[in-house]
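To keep things clear, I will list the structure first and then write my remarks on it.
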């Protein structure tokens, strides 16, 4: 009986470890790497949607979230060594200390989820949902660069 428990525990642990290893991070892995996301923040009385660009700058991940017209909602950085999010600029309507505090916490939690391969975080207390879906790489950008080099 005890041997069966130990075997089941060992199998369960192996499955969990295998799942963690197979989940691919949604964050840019290479220093200087850039990843774009379709970003949506759902609030109880509305939502914000746009594009988020994350840049891997070594130990710091820099991000900018802006709408489809190019108006920036917020610029932030995440230090993986300190496990802290720093907000550099926030749109005036959201630039309140209590909103900044929630954004710092939620972005930190979202980035941890994205490291595990999950692009969504839900703040149950505030009834807010953050959804970041990677955008496909734009092949036309690469071909224009290739043509200019020739």
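Values for this structure:
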| read-out | value |
| --- | --- |
| Values of log10 I(q)/I(0), in the order q = 0.14, 0.18 Å⁻¹, for the stretch 34-135 under a Debye, Cα-only, solvent-free model | -0.48, -0.84 |
| Relative contact order computed over the stretch 34-135 (Cα-Cα under 8 Å; 6+ residues apart), in percent | 27 percent |
| Ranked 30, 118, criterion: other C-beta atoms within 10 Å, fewest first | 30, 118 |
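Quick note: the coordinates plus some simple rules give every number you see, no bench work behind them. As the structure is a computational prediction, the values presented were derived from the model and not from experiment. A quick note on method: Cβ atoms are made from the backbone with ideal geometry, for glycine too, and the neighbour counts reach across all protein chains shown.
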